[in-house]
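What follows draws every value from the coordinates through simple rules; no lab data is involved. From a predicted model like this one, the values you see are computed outputs, not experimental measurements. Every residue, glycine among them, receives a Cβ derived from its backbone with ideal geometry; neighbour counts consider all protein chains shown.
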Amino acid sequence: MRSKLPKSNTTIFATMSDLAKRCNAINLSQGFPNYSSQPKLFDLVNRYMHEGFNQYAPLNGVETLRQVIAQKIGKLYQRKIDIDKEICITAGATQAVYTAIQMMVHPGDEVIIFDPAFDIYAPAVKMAGGKIVRIPTHYPNFDIDWDRVNDAINSKTQLIIINSPNNPTGKTLSPDDILALELIVKQNDLFILSDEVYEHMVFDGRKHHSILSSSILYNRSIVTFSFGKTFHNTGWKVGYAVGPDYLMSEFKKLHQFIVFSVNTPVQYALADYLLEEKHYNHLSEDYQTKRDQFLDLLQDTRFRFLPTNGTYFQLLDYAEISNLSDMEFAIELTQKHGIATIPLSPFYEKPTEQKLIRVCFAKTPDVLIAAAEKLCKI
């Protein structure tokens, strides 16, 4: 049988997590918290399961959940959303991203992706028969060169994929980035896929500039979100996609044949849980505290770093420590020092000279202290 993804192997996240398990290492590689959601959310799921809400949900999601999402979007991003036509609950943001790409990209279409890029985008484009155009951002701030983006656009350009706050860099889009993107959309017949799963994790007084806030961009975009990232339950795989009716109607045509519907009792529970804004509006403060405490613990190491703007990831530059490639260094860290991280090269199309690893600081204080002690000895 011919492979549709002949050059794809197991993701770096699974590889490093498996190595961490075999080496009994502290796992700062894969992006998930090591602590649970609030007991109230578990109680709500349990309640709805026992009350019999266990059959198929509507194709586009439970109505009460769509209502509260629309209310949240209206308050945060001043966007009025039609709950029947412009929202679809998905099996995690990954399914939302995949469905959007399959819907918007046709064989021969070109898709712009910014390196370093989360690893789910490129395979989905290939599965749709599209051509990937990768544009590197500028280290160390990972700024986008919008002139280079303009130069890359041609009649075959169908889609630009945006990820802010960005995994793996933690970079967030600025108002100037939004203006540049608006100008591109005005001048070209193309679409935007905006991955905003870390919307509630933005630091140092910054604001999350969502595509939803721009009428120019919204009318040409699908935007994806994740409850798993927001509420510390990545294994539940519940997210959602938002976009104008003419795009979401096509999105739902594919969605119905990929998963049809998503976990019913969890949707009802999330609808109730989201009614209290405190369950998500404090996350930036909480994660910034974790980031700052972790970086304070690393002050005496030879790692160099710029504090991340958002997400729960931090990049560490090890150029003063080793000449090994980032993959070799990450493996050595795991095997010899008992701490698993993610090398940055798998997020690029081509190898780079950068000596960078990514760590996840969505961990309890004891884990961060133990990890920092190991890193300080290197």
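Just from its helices, what would the mean residue ellipticity at 222 nm be for the chain, if runs of 4 or more DSSP H residues each count -39500 (n - 2.57) and the sum is divided by every residue, rounded to the nearest 500 deg cm²/dmol?
Numbers: 14 runs with 150 residues, N = 378.
Value at 222 nm, helices only: -12000 deg cm²/dmol.
Exceeding 29 Å between C-alpha atoms, which entries from my cross-link table qualify? They are Lys290/Lys355; Lys40/Lys363; Lys21/Lys278; Lys4/Lys363; Lys290/Lys350.
Going by Cα-Cα distance, Lys21/Lys278; Lys4/Lys363; Lys290/Lys350 fall outside the 29 Å limit.
Taking the Cα centroid of the stretch 61-114 and of the stretch 278-344, what is the distance between the two, rounded to the nearest whole Å?
Rounded to whole Å, the Cα centres lie 31 Å apart.
Want the number for Lys80 to Leu324: 0.36 nm per residue separation, take away the alpha-carbon distance, what's left?
82.7 nm
If the elastic network links every pair of Cα atoms under 10 Å, which of Phe257, Phe361, Phe231 fluctuates the most in the Gaussian network model of the chain?
Phe257
Check each of the GluC sites (Glu not before Pro) in the stretch 41-105 and keep only those in coil by DSSP with at most 11 other C-beta atoms within 10 angstrom; list them in order.
Values: sites: Glu51, Glu63, Glu86; in loops: Glu51, Glu86.
In loop regions of the stretch 41-105 (DSSP not H, G, I, E or B), the sparsely surrounded GluC sites (Glu not before Pro) are Glu51.
For the stretch 173-249, what D do you get in µm² per second when you plug the Kirkwood radius from alpha-carbon pairs into Stokes-Einstein at 37 °C and 0.692 mPa s?
242 µm²/s
Within 10 Å, Cβ to Cβ, of Gln354, how many net charges do the neighbouring residues add up to if Lys/Arg are +1 and Asp/Glu are -1? Mind showing how you got there, number by number?
Values: positive: Lys355; negative: Asp317, Asp326, Glu353.
Neighbourhood net charge equals -2.
For a quick check, take a GNM of the chain with Cα springs below 10 Å and name the residue from Ser213, Ser174, Ser36 with the largest mean-square fluctuation.
Its mean-square fluctuation being the largest, the pick is Ser36.
In terms of the Cα gyration tensor, with a ≥ b ≥ c the square roots of its eigenvalues, is the stretch 242-302 rounded because a/c is under 1.5, prolate because a/b exceeds b/c, or oblate?
It is prolate, given that a/c is not under 1.5 and a/b is the larger ratio.
Placing unit charges on C-beta atoms (Lys and Arg positive, Asp and Glu negative, everything else neutral), compute the dipole magnitude of the chain about its Cα centre in debye, rounded to 20.
That gives a dipole near 760 debye.
Once you list every other residue whose beta carbon is under 9 Å from the beta carbon of Ile216, what net charge do they have if Lys and Arg are +1 and Asp and Glu are -1?
+1
Using Cβ counts within 10 Å as a stand-in for footprinting exposure, how do Lys290, Lys75 rank, fewest first? Can you show the working numbers first?
Details: Lys290 18, Lys75 11.
With the sparsest Cβ surroundings first, the list reads Lys75, Lys290.
Which of the following values of volume of the Cα convex hull per residue in Å³ was calculated from the structure shown: (1) 123; (2) 146; (3) 163?
Label of the calculated value: (2).
Can you give the local net charge around Gln288? Use residues other than it whose beta-carbon is closer than 14 angstrom to its beta-carbon, Lys and Arg +1, Asp and Glu -1.
Result for the neighbourhood of Gln288: -1.
Would you work out which of Leu41, Gly129, Phe191 lies farthest towards the positive end of the dipole of the chain? Charges go on Cβ: Lys and Arg +1, Asp and Glu -1.
Selected residue: Gly129.
Among Phe347, Tyr312, Leu283, whose Cα lies farthest out toward the positive end of the dipole of the chain, if unit charges sit on the beta carbon of Lys, Arg (+1) and Asp, Glu (-1)?
Of the options given, the answer is Phe347.
At 0.36 nm per residue, minus the direct Cα-Cα distance, what do Lys156 and Ser249 gain on full extension? Give it in nm, one decimal, please.
Using 0.36 nm per residue and subtracting the Cα-Cα distance, I get 31.1 nm.
For the stretch 1-97, which chymotrypsin sites (Phe, Trp or Tyr not before Pro) pass both filters: DSSP loop (anything but H, G, I, E, B) and at most 11 other C-beta atoms within 10 Å?
In loop regions of the stretch 1-97 (DSSP not H, G, I, E or B), the sparsely surrounded chymotrypsin sites (Phe, Trp or Tyr not before Pro) are Tyr35, Tyr56.
Within a 10 angstrom radius of the beta carbon, how do Cys88, Cys360, Cys376, Cys23 rank from fewest other beta carbons to most? List each step's numbers first, then the result.
Working: Cys88 27, Cys360 23, Cys376 14, Cys23 18.
Fewest-to-most ranking of Cys88, Cys360, Cys376, Cys23: Cys376, Cys23, Cys360, Cys88.
Which of Phe260, Phe114, Phe225 moves most in a GNM of the chain, Cα contacts under 10 Å?
Answer for the Gaussian network model of the chain: Phe260.
Nothing charged except the Cβ atoms of Lys and Arg (+1) and of Asp and Glu (-1): what's the magnitude of the dipole of the stretch 302-354 about its Cα centre? Round to the nearest 20 debye.
On the way: 4 positive and 7 negative charges, 32 e Å.
The calculation lands at about 160 debye.
Describe numerically, in nm with one decimal, the distance between label points set 7 Å from Cα along Cα→Cβ at Lys40 and at Met127.
It works out to 3.6 nm between the two label points.
With both partners inside the chain, how many of the DSSP beta bridges are antiparallel, as a percent to the nearest 5?
45 percent
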